[in-house]
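Participant: One structure, as structure tokens, below. Some questions next.
Just so you know, all these numbers are worked out from the coordinates, no wet-lab data involved. What you see is a predicted model; the values in this text were computed from it and never measured. Here the Cβ is made from the backbone with ideal geometry for all residues, glycine too, and neighbour counts use every protein chain on show.
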Amino acid sequence: MKAIISYTRKVPVYRLILGISLVIFSIYNLTNLSIFNSLVMLVMAFVLLRSDGSEIDLESKTYRKTISVLGIKIGKWQPLPKTDYISVFATNENITVRALSAETSNTFPMVHLNLFYDHNRKITVYETKDQKDAFDVASHIADALLIDLLDATEKGNFKWVDKDKLRDEGVIIHTD
């Protein structure tokens with residue numbers, strides 16, 4: 001049995017419904033109308049149903065960044081470098097929406113989990129909006145890879161995390 005840590009960003013329900021509807025309509029369109037319209041709808045469905053993620057194989061010490069569509073994951077396995085630590089980093093993500101004559105930008109908080117190696121190089125292995133979820137995932141990876149965990153959620157106040165403190169706060173610490 002392989003020991004793989006896998007995390008994939010969830011597709012929002014509205015995108016899932018719209019994407020599946022486009023797939024069904026494109027199949028119907030393929031039998032009754034044009035192939036070109038069906039292909040355009042399939043591409044749009046792929047964009048709506050697509051989700052990013054990452055996997056770490058602990059046995060073979062490899063990782064891959066994945067693209068997932070309806071649970072089917074695609075990605076190239078690469079050797080996992082000797083990691084120094086994992087950090088939980090809080091930031092803001094901006095999304096700009098443009099229409100013909102209008103534009104709006106929305107900012108929302110995002111938490112990134114980065115594996116650091118060679119002192120300053122990093123691999124982003126997980127993103128979430130929930131800080132408790134981020135610490136749960138980070139503690140799981142830290143325990144599995146036997147590395148330290150850095151809390152970088154407060155700007156300018158980075159600190160190493162004591163796993164006993166995380167247990168007291170209700171974060172699940174994995175020990176398998």
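Participant: How long is the gain from Leu146 to Ile95 if the chain were fully straight, where each residue apart is worth 0.36 nm and the alpha carbon distance is subtracted?
Facilitator: Computed gain between Leu146 and Ile95 is 14.8 nm.
Participant: Also, I was wondering about something else. Note the listed values [x] -0.94, -1.07; [y] -1.12, -1.20; [z] -1.04, -1.11, then indicate which one is log10 I(q)/I(0) by the Debye sum over Cα atoms at q = 0.16, 0.17 Å⁻¹ calculated from this particular structure.
Facilitator: Entry [z].
Participant: So if I take the centroid of the Cα atoms in the range 135-158 and the same for the range 22-91, what is the distance between those two points in Å?
Facilitator: Cα centres, the range 135-158 to the range 22-91: 26 Å.
Participant: What is the local net charge at Leu145, summed over the other residues whose Cβ is closer than 11 Å to its Cβ (Lys, Arg +1; Asp, Glu -1)?
Facilitator: Once positives and negatives cancel, what remains is -1.
Participant: Next question. Using a simple charge model, +1 on the beta-carbon of Lys and Arg, -1 on the beta-carbon of Asp and Glu, nothing else, what dipole does the chain show about its Cα centre, in debye to the nearest 20?
Facilitator: Value, rounded to 20: 660 debye.
Participant: Additional query: Working from the pairwise distances between different alpha carbons, so that the mean of 1/r is found and then inverted, what is the range 81-170's Kirkwood radius in Å?
Facilitator: After inverting the pairwise mean of 1/r, the radius is 14.3 Å.
Participant: Related question: Mind pulling up the Rg/Rh value for the range 1-69? Radius of gyration and Kirkwood radius, both on Cα.
Facilitator: Dividing the radius of gyration by the Kirkwood radius yields 1.19.
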